[in-house]
Amino acid sequence: MVADGLSELSDHSIIVGAKQLRKALNRGGVGRVFLARDADPAITGPLEQLSLQTATEYTWVETMIDLGRACGIDVGAAAAATVAH
């Protein structure tokens, strides 16, 4: 099952990966965050908290594979986001 809004990733500039996403959230300019439910909570938990702190909307996606595919990559992704315009 793919979360609502996942198609947004194909329509926007995106950020893929926890490290890049953390930096972008701290800088500002992130539109919407997507986190994979089956990813390591040590990775997604802090990103969820940072999203809350920065008042950035976030959505949980069922699997890393679903998120990776939505980002156009051949591997799973724990986290991704759209870039705010």
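Largest to smallest in accessible area, the residues Asp38, Asp66, Asp74 fall in the order Asp74, Asp38, Asp66 (1.4 Å probe, all protein chains included). Counted over all Cα-Cα pairs of the stretch 15-54, pairs farther apart than 12 Å make up 53 percent. Taking a cut-off of 20 Å, what percent of all Cα-Cα pairs in the chain are separated by more than that? Summing the P(r) tail past 20 Å for the chain gives 19 percent. Rolling a 1.4 Å probe over the protein chains gives Ser51 an accessible area of about 0 Å². Computed with a 1.4 Å probe on the full set of protein chains, the accessible area for Thr63 sits at about 40 Å². For the pair Ala55 and Arg37, the difference between a 0.36 nm per residue extended length and the Cα-Cα distance amounts to 4.5 nm. Sorting Arg32, Arg69 by solvent-accessible area of protein heavy atoms yields Arg69, Arg32, largest first, with a 1.4 Å probe. Per residue, the accessible area of the chain comes to 55 Å² when a 1.4 Å probe rolls over the protein heavy atoms.
Restricting the calculation to alpha carbons of the stretch 36-79 gives Rg and Dmax of 10.6, 31 angstrom.
The values are calculated or read from the model by the stated rules, or taken from the named source; none is laboratory data. From a predicted model like this one, the values you see are computed outputs, not experimental measurements. The accessibility values were calculated without ligands, DNA or RNA, using every heavy atom of the protein model including side chains. Shrake-Rupley method; radii C 1.70, N 1.55, O 1.52, S 1.80 Å.
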